[in-house]
1. What ranking do 220, 71, 34 get, fewest neighbouring Cβ atoms within 10 angstrom at the top?
2. Does the range 94-146 come out rounded, prolate or oblate, given a ≥ b ≥ c as the square roots of the eigenvalues of its C-alpha gyration tensor, rounded meaning a/c under 1.5 and, failing that, prolate meaning a/b above b/c?
3. What value, in deg cm²/dmol to 500, does the helix sum -39500 (n - 2.57) over DSSP H runs of n ≥ 4 give at 222 nm once divided by the residues of the chain?
4. Counting only trypsin sites (Lys or Arg not before Pro) that sit in a DSSP loop (anything but H, G, I, E, B) with at most 14 other Cβ atoms within 10 Å, what is the longest stretch of the chain containing none of them?
5. Within a 10 angstrom radius of the beta carbon, how do 149, 107 rank from fewest other beta carbons to most?
6. Is the C-alpha gyration tensor of the range 177-249 telling us rounded, prolate or oblate? Criteria: a/c under 1.5 is rounded; beyond that, a/b larger than b/c is prolate, otherwise oblate.
7. Count the net charge of all other residues whose Cβ sits under 10 Å from the Cβ of residue 50, scoring Lys and Arg as +1 and Asp and Glu as -1.
8. Could you work out how far the C-alpha centroid of the range 167-245 sits from that of the range 60-91, in angstrom?
Amino acid sequence: MSRIESFKRALTEKRAVKIIAGIDNFDAKKVEKVVKSATCAGATAIDICANPDIIAMARSMTDLPLFVSSVEPQELAHAVILGADAIELGNFDALYKKGQTFSAAEVLELARQTVELVGNDVFFCVTIPGELEIAEQIELARNLEALGVDLIQTEGHFSKEMPSDGVRGLIERAELTISNTIELSRNIELPIMTATGINPTTAALAFAAGASAIGCGSCVNKLDSEISMIAVSKKLIEIAENNAQYAVELV
């Protein structure tokens, strides 16, 4: 089974876990730690930036499916040549911190440009901007589905406000992306990956909302040690496996 086929199978079984190094993480040492930890833990996929050196390093380190994220269609097309198993238009959340915003029309146009460059044979995931009104998100998702996109990723939003303490703060951070997952899962046929604020506390909520996959970044890539990264990644995978088992029991 090819790397991307193994990811597709995990999607079908609603147990996919993508560990995100970061669209703006160009620190080779930090990315190396994320790749090592995700591989050791047995994650379903790893998401990295579109830097050629980072892609080459990650590809040499792991047999896990590699997602490469960018908002530049040309970078995504080049990533396929460099060994990416999947490409992702997004994650936008990291770019909001720099003052960038993306409308539904802009995302759709970027997706169209990407498909023109790589065709429909490359696994293609597109992030739906979390700040869009839900009607716009649904329309965009349907247009992306018609375009031949393989996976939709939801997101929350970047806020400068201080979150609440403890579990309440963790749930507040994930609230928007989970609600977006619920709305989209009711209106499109494409599988959905829930990201932003997804961690061992909120992962089960994402799957319950209709996600087939979770994208987990800061709860892993912000940790100091590989041991901690592996432990958190394994917990996320355990939650995903439990969800898959529950889904089977419901059939």
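Here, each number is a calculation from the coordinates, and none is a lab measurement. Bear in mind the structure is a predicted one, so any value in this text is a computation, not a measurement. Please note: Cβ atoms are built from the backbone with ideal geometry, for glycine as well, and neighbour counts cover all protein chains shown.
1. Working: 220 24, 71 21, 34 27.
Ranked by crowding around the Cβ, least crowded first: 71, 220, 34.
2. Judged from the Cα gyration tensor, the range 94-146 comes out oblate (a/c at least 1.5, b/c at or above a/b).
3. -16500 deg cm²/dmol
4. Details: sites that count: 97, 98, 160, 186, 222.
Free of exposed loop sites, the longest segment is 1-96.
5. Details: 149 20, 107 23.
Sorted ascending by nearby Cβ count, the order is 149, 107.
6. Numbers: a/c = 2.93, a/b = 1.62, b/c = 1.81.
Judged from the Cα gyration tensor, the range 177-249 comes out oblate (a/c at least 1.5, b/c at or above a/b).
7. Working: positive: none; negative: 72, 75, 88.
Net of charged neighbours comes to -3.
8. Cα centres, the range 167-245 to the range 60-91: 21 Å.
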